[in-house]
Amino acid sequence: AESAASETGLESVREELSLAAGKVAELKANLDEFTCEDVLEFIDDKCVPHLAEFADGRTVITNRFGSTVYATVMTEFASGERYLNRAWSAAADGYVDEVEISVGHADTFLQAAVQHLDTATENHAAIA
């Protein structure tokens with residue numbers, strides 16, 4: 001039963017990270033159509049909930065894959081989250097160019113976090 005619960009937890013964490021990365025990619029793709037106010041609203045309403053859910057469940061990564069994978073995923077995640085926060089601050093202050101740069105960096109880091117977690121999951125499944 002513990003293994004099944006762990007599997008469910010891992011799937012949930014992977015899904016939340018993937019959804020967060022997808023929303024940031026969506027934001028990046030639509031930035032030209034967004035006002036700074038739209039960016040604030042999109043980040044708050046569409047991105048933050050997934051980022052928070054992922055962060056809340058992140059210990060399942062250590063439990064399943066160990067600290068090296070955890071550190072790799074979380075380093076990318078933290079950088080992506082930091083750049084998204086920077087984009088939010090830039091949007092609040094009306095710095096459109098900085099919003100674009102920061103969202104681009106957030107997208108890159110979050111996509112990398114997804115890739116690292118997916119690779120670890122695939123490698124673990126191949127061994128098991």
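The values are calculated or read from the model by the stated rules, or taken from the named source; none is laboratory data. This one's a predicted model, so the numbers in the text were calculated from it and none came from an experiment. As a convention, Cβ positions derive from the backbone with ideal geometry for all residues, glycine included, and neighbour counts pool all protein chains shown. Just the protein is used for accessible areas: all its heavy atoms, side chains included, with ligands, DNA and RNA removed. Shrake-Rupley method; radii C 1.70, N 1.55, O 1.52, S 1.80 Å.
Work out how much length K46 to V96 would gain on full extension: take 0.36 nm times their residue separation and subtract the Cα-Cα distance, in nm to one decimal. Don't jump to the answer; show the numbers that get you there.
Working: separation 50, 0.36 × 50 = 18.00 nm, distance 1.95 nm.
Using 0.36 nm per residue and subtracting the Cα-Cα distance, I get 16.0 nm.
Could you check the spin-label model distance between R58 and T119? Points 7 Å from the Cα along Cα→Cβ, value in nm.
1.9
Taking the structure as given and computing P(r) over Cα pairs in 10 Å bins from 0, in percent, which label from (i) 14, 39, 31, 15, 2; (ii) 14, 44, 26, 13, 3, 0; (iii) 13, 44, 31, 10, 1 fits?
Matching entry in (i) 14, 39, 31, 15, 2; (ii) 14, 44, 26, 13, 3, 0; (iii) 13, 44, 31, 10, 1: (ii).
For the ranges 95-101, 29-35, 60-66, what's the packing order if you count other beta-carbon atoms within 10 Å of each residue, average per peptide, and put the highest first? Write out the running numbers ahead of the final one.
Working: 95-101: 15.7, 29-35: 11.7, 60-66: 17.4.
Output ranking for 95-101, 29-35, 60-66: 60-66, 95-101, 29-35.
What is the gain in length, in nm to one decimal, between T68 and A25 on full extension, counting 0.36 nm per residue of separation less the C-alpha to C-alpha distance? Present the calculation step by step, with values, prior to reporting the outcome.
Working: separation 43, 0.36 × 43 = 15.48 nm, distance 2.64 nm.
Computed gain between T68 and A25 is 12.8 nm.
Suppose R0 equals 35 Å; then what is the FRET efficiency for C36 and E15 from their Cβ-Cβ distance, rounded to the nearest 0.05? Show your work: numbers first, answer last.
Values: r = 30 Å, r/R0 = 0.85.
Between C36 and E15 the formula returns 0.75.
Quick check: the angle from helix 48-57's long axis to the longest principal axis of the chain, C-alpha only, nearest 10 degrees?
Helix 48-57 sits roughly 20 degrees off the main axis of the chain.
Counting only heavy atoms of the protein chains, get the accessible area per residue of the chain (1.4 Å probe) and round it to a whole Å² value.
Details: 7090 Å² over 128 residues.
Heavy-atom accessible area per residue stands at 55 Å².
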